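The structure appears right after this line, and notes come after that.
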Amino acid sequence: MARRALLVEDDAAIATVITAALEDEAFSVSRCDSIAGRDRLLAEGAFDVMLTDVVLADGDGIASLGQVHEA
């Protein structure tokens, strides 16, 4: 079974490069461009790894990680 990665990145070009690199390492990648999108995807299931941008339109990707841990 493929490992699952969640990528939270609002720059499409960067997200494309990171997605390709993760897929090369046999990850199944789900992408979103916001904290709200991340929360929706996390509600749908678990991920093996999550990579997040720091500066997102709806908040700080790193500062919001506490919300993920609490959920």
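Tally up the residues in the stretch 5-14 that are surrounded by fewer than 17 Cβ atoms within 10 Å (Cβ to Cβ) and not small (Gly, Ala, Ser), please.
Looking only at that region, the number is 3.
Here's the yes/no breakdown for (1) among the small types (Gly, Ala, Ser); (2) touching a Gly at 6+ places or on another chain (Cβ under 9 Å):
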position: 25; (1), (2): no, no
position: 33; (1), (2): no, no
position: 38; (1), (2): no, yes
position: 42; (1), (2): no, no
position: 46; (1), (2): yes, no
position: 50; (1), (2): no, no
position: 54; (1), (2): no, yes
position: 59; (1), (2): yes, no
position: 67; (1), (2): no, no
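Considering only helices (runs of 4 or more DSSP H) fully contained in the chain, which possess at least 3 residues that are within 11 Å of the chain's Cα centre (by Cα)?
Those helices (runs of 4 or more DSSP H) span 12-24, 35-44.
Quick one: what pairs do we get from the stretch 3-15, first residue closer than 17 Å to residue 57 by Cβ, second among the β-branched types (Val, Ile, Thr), C-beta under 7 Å, 6+ apart or different chains?
As it stands, the answer is 7/18; 7/19; 7/29; 8/52; 9/18, since those pairs meet every condition given.
Please find, within the stretch 15-29, the residue that is surrounded by the fewest Cβ atoms within 10 Å (Cβ to Cβ) out of those that are of a type in the set (S, T, N, Q) and within 15 Å of residue 47 (Cβ to Cβ).
28
Which one of the conditions (1) touching a strand residue (DSSP E or B) at 6+ places or on another chain (Cβ under 7 Å); (2) surrounded by 16 or more Cβ atoms within 10 Å (Cβ to Cβ); (3) not aliphatic (A, V, I, L, M) does residue 33 fail to meet, given that it meets all the rest?
The number of the failed condition is (1).
All of the numbers you see were taken from the coordinates with simple rules; none came from a lab. Here the structure is a predicted model, which is why all the values come from computation and not from measurement. Cβ coordinates were reconstructed from backbone atoms using ideal geometry, including for glycine residues, and neighbour counts include every protein chain displayed.
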